[in-house]
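The values are calculated or read from the model by the stated rules, or taken from the named source; none is laboratory data. Everything numeric here is computed off the predicted structure, so don't read it as measured data. So basically every Cβ, Gly included, is an ideal-geometry build from the backbone, and we count neighbours across all protein chains shown. To get the accessible areas, we keep the full protein, side chains included, count just its heavy atoms, and leave off ligands, DNA and RNA. Shrake-Rupley method; radii C 1.70, N 1.55, O 1.52, S 1.80 Å.
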Amino acid sequence: MKKIKELWAEFKKFISRGNVVDMAVGVIIASAFTAIVTAVTSGILMPLVNWAVTAATGGQGLEGLRTVLGTPAYTIDEVTGAEIIDWASTNYIDWGSLINAVVDFILIAVILFTILKVFVAIQKMANDANSVDAKKKRKLIRANMKDGMSISQATEKAEADIAAEKKAEEEKKAAEEAAASAKPTTEELLVQIRDLLAAQNNNSEK
């Protein structure tokens with residue numbers, strides 16, 4: 001029983017980890033967008049590509065973009081009685097399928113890129129909203145509004161106060177760095193100690 005509880009605790013810890021949840025959400029979103037991508041590709045893009053290819057070549061669209069390797073196999077069309085190529089028994093390169101796959105890839109890449117950009121933007125907005133500066137800004141705005149200021153005036157004053165505070169911190173940091181750089185280095189201190197010891201030795205010898 002104890003072993004089962006330990007396994008269950010480990011399983012709960014594993015499934016509640018952030019990367020596992022993110023991966024599950026990603027898989028679900030990808031599955032949902034697969035149907036959309038398929039519909040857009042087969043229902044909109046590929047008919048346009050077929051129309052453009054047919055208009056340019058006068059052929060049968062993407063299905064006609066084939067390169068036969070060797071001698072083609074022929075069969076009789078049951079409807080017209082004409083001799084046609086038996087593609088099932090013929091070795092050929094299907095350029096139409098390649099174009100279709102490339103279009104699918106580009107479309108999926110564009111959609112995933114858009115989703116990623118939107119997700120990053122939302123995450124950045126959330127981080128900015130929860131940052132120290134944002135919390136300080138909201139606190140200052142509330143304080144300014146209590147003093148009778150409008151929202152725009154309170155916001156403007158809060159931003160000015162935060163900017164002045166940051167500038168003061170930067171000036172203080174620059175002054176501290178300048179003071180630190182003005183301090184003697186370890187080698188200079190050793191040289192000074194050596195000179196003092198030498199002077200003391202000379203005085204004692206006299």
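Going by accessible surface with a 1.4 Å probe and the largest first, TRP8, TRP95, TRP51 read TRP51, TRP8, TRP95. Using a probe of 1.4 Å on the protein chains alone, the accessible area found for SER150 is around 50 Å². Around the amide H of TYR92, modelled in the peptide plane, lie the amide H atoms of LEU69, all under 5 Å away and 5 or more residues distant in sequence or on another chain. Pairs LYS137/LYS166; LYS137/LYS167; LYS124/LYS157; LYS117/LYS137; LYS137/LYS173; LYS136/LYS167: which are spaced more than 20 Å apart, C-alpha to C-alpha? Over 20 Å Cα-Cα: LYS124/LYS157; LYS117/LYS137; LYS137/LYS173.
In nm, give the distance between the simple-model label positions of LYS135 and ASP94, each being 7 Å from the Cα along the Cα-to-Cβ direction. In this crude spin-label approximation the distance works out to 5.9 nm.
With the simple model of a label 7 Å out from the Cα in the direction of the Cβ, ALA126 to ALA160 spans 3.5 nm.
Heavy-atom accessible surface of TYR92, to the nearest 10 Å², is about 70 Å², with a 1.4 Å probe and all protein chains retained.
Here the spin labels are modelled as points 7 Å beyond Cα on the Cα-Cβ line, and at ILE36 and ALA82 they lie 4.3 nm apart. Ordered by solvent-accessible area of protein heavy atoms (1.4 Å probe), largest first, the residues LEU45, LEU189 come out as LEU189, LEU45.
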